[in-house]
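The values are calculated or read from the model by the stated rules, or taken from the named source; none is laboratory data. Just so it is clear, the model here is predicted, and its values are computed rather than measured. Backbone-built Cβ (ideal geometry, glycine too); neighbour counts: all protein chains shown.
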Number of protein chains: 2
Amino acid sequence: MIIIKIGGGNSLNIPGIIAGLAELKEQAIIVHGANAIRDKLLADLGIEKKVITSVSGYSSVYTDQQALDVLIMAYAGLRNKRIVELCQQHGINAIGLSGLDGKVIQGRRNAGIKTYEGGKLKIIRDFSGKPQVINKSLLQLLLDNGYTPVLSVPLIDENNFAINSENDDIVNLLQETFQAEKIIQFIEAPGFLDNEQDPASLIKSISPAELKKREEQVSGRMKRKMLALTKLFESGAHQVIISDGRRERPLQDALNGEGTVIQ
Amino acid sequence: MIIIKIGGGNSLNIPGIIAGLAELKEQAIIVHGANAIRDKLLADLGIEKKVITSVSGYSSVYTDQQALDVLIMAYAGLRNKRIVELCQQHGINAIGLSGLDGKVIQGRRNAGIKTYEGGKLKIIRDFSGKPQVINKSLLQLLLDNGYTPVLSVPLIDENNFAINSENDDIVNLLQETFQAEKIIQFIEAPGFLDNEQDPASLIKSISPAELKKREEQVSGRMKRKMLALTKLFESGAHQVIISDGRRERPLQDALNGEGTVIQ
């Protein structure tokens, strides 16, 4: 099995990724984002994207019911169904599911974020959390019957409410559950860059051990990314390929080692 | 089995319908609309709802790719996932599917609508059509494993493109395929009214034969509605209940014969 993570950017060649998957004829689970669609929808609807900063300086999107409505429309709605449509056009019998559907991705809602509001310490709770359990029997049932799952947020929390979550955490839980041979992550860059500003600084290959060492040297978004990758190997990953999703044949190029190969 | 059709209006008590279904503990397939959400989304996005009138005077929504995007967000996205969430909160393990997912509802795209444009006769083709085949094995697989399907447009056409369709036609095809004992349709009225302007003119019960006779006497939206109901009986329906979805316990009331019982 192969797990394919498709980023939420606008310039990814999703038709190319899906065409590549059709050639591959291997069992796959797709997890996708929809950042760009969500942000455009928020802007078009005149809804401000709320970001909350914790006392420890960590920023995250604040997901209230309105933000969740927009998230559902963008992720589980437009992006998910258009990917399923593309799959069908390439002979892949895909089924798009949010974590709510058949409780396929169950999570735990975050306890709250400590933040300062008007000088006072407050705990603010939104509808976000972390995935805890995959409904493996449902995904296995679909896979065994020739269907390809296409997964997106929201998840379902411990009280059966929709919550937002990080795709990195979902992919990690899928890896724990299915022990895929390969995980391919499509992003809008040539791969993992030593210097984010310089596309020529591509790291062609790196070991999980090296990755962990580097993780201690960086901060912010990069640290989170490295932490997520390190976790994947703790969850039994054999090979992770981070590759450019904007190319003509993104999947074949990724499988040929274009991008960053971590193993 | 019971087929439940939930209209697309804003004032339906969907939590009440779902709570009722949880008490019932009978196999069910839900088909829902999302008219009101779609229309609000179009308005909020400043997109004009295009309506096309055929030479025979029949008006219908014109579905281009942009309208389809909005339809997907409203129907397969927001309304579908929020109904699935409600189901989960009531212990019903629902799975929301559009017709694209696992090709669960395959249709045929309309050939085009004859219309006058600037005095000239033109054939205009949009992304709409009619359902032809249900992927029964997929729905049966889900039902057999304890999942409740929650279905919505778009469908998938003969070239694997997303198309819009009428829910009445979907319900009819489901009835042909599954031969449900009951079909319940929740609307924003007390039931089938003799005079649409007068809620007191509720028709409490009517036979399929009478319905067919009436169909010949009316026109427009009402004729279409009656034609759809007549078709249901041609597809083997035993009992159709059209009931008020705005009540406190819509499903129990419907099963107790509140509304219009057709049999």
| message | Six or more apart or on different chains, Cβ atoms under 8 Å: show the pairs whose first residue is in segment B:29-57 and more than 14 Å from chain A (Cβ to nearest Cβ) and whose second is at pLDDT below 90 and in a loop (DSSP other than H, G, I, E, B). | response | B:Asp39/B:Lys49
| query | Which one is farthest from A:Phe178 (Cα to Cα) among residues in segment A:133-157 that are more than 10 Å from chain B (Cβ to nearest Cβ), crowded, with 19+ Cβ neighbours inside 10 Å and in contact with a Pro (Cβ under 9 Å, 6 or more places away or on another chain)? | reply | A:Leu155
| Only one of (1) surrounded by 23 or more Cβ atoms within 10 Å (Cβ to Cβ); (2) in a strand (DSSP E or B); (3) in contact with a helix residue (DSSP H, G or I) (Cβ under 8 Å, 6 or more places away or on another chain) fails for B:Lys130. Which number is that? | (1)
| Restricting to helices (runs of 4 or more DSSP H) lying wholly in segment B:1-99: which have 3 or more residues that are aliphatic (A, V, I, L, M) and over 18 Å from the mean Cα position of the chain (by Cα)? | B:14-24, B:35-44
| said: What's the total number of residues in segment B:212-237 that are in contact with a strand residue (DSSP E or B) (Cβ under 9 Å, 6 or more places away or on another chain), modelled with pLDDT of 90 or more and either under 19 Å from B:Gly57 (Cβ atoms) or part of a helix (DSSP H, G or I) (or both)? | reply: 3
| query | Of the conditions (1) surrounded by fewer than 20 Cβ atoms within 10 Å (Cβ to Cβ); (2) polar (S, T, N, Q); (3) in contact with a helix residue (DSSP H, G or I) (Cβ under 8 Å, 6 or more places away or on another chain); (4) under 24 Å from B:Gly245 (Cβ atoms), B:Asn160 fails just one. Which one is it? | reply | (4)
| If we scan segment B:59-71, do we find a residue that is out of contact with any strand residue (DSSP E or B) (no Cβ under 7 Å at 6 or more places or on another chain), facing another protein chain (nearest Cβ under 10 Å), at pLDDT 95 or above and buried (at least 16 other Cβ atoms within 10 Å of the Cβ)? | yes
| request: Scan segment B:18-44 for residues that are surrounded by 15 or more Cβ atoms within 10 Å (Cβ to Cβ) and farther than 19 Å from B:Gly146 by Cα and jot them down. | output: B:His32, B:Gly33, B:Ala34, B:Asn35, B:Ala36, B:Ile37, B:Arg38, B:Asp39, B:Leu41, B:Leu42
| Residues satisfying the stated conditions in segment B:102-140, i.e. at pLDDT 95 or above and among the small types (Gly, Ala, Ser) | B:Gly102, B:Gly107, B:Ser128, B:Gly129, B:Ser137
| request: Scan segment B:96-111 and report the pairs whose first residue is at the interface with chain A (Cβ under 7 Å from one of its Cβ atoms) and farther than 18 Å from B:Met73 by Cβ and whose second residue is surrounded by 24 or more Cβ atoms within 10 Å (Cβ to Cβ) and small (Gly, Ala, Ser), with Cβ atoms within less than 8 Å and a gap of 6+ or a chain change. | output: B:Gly102/A:Ala94
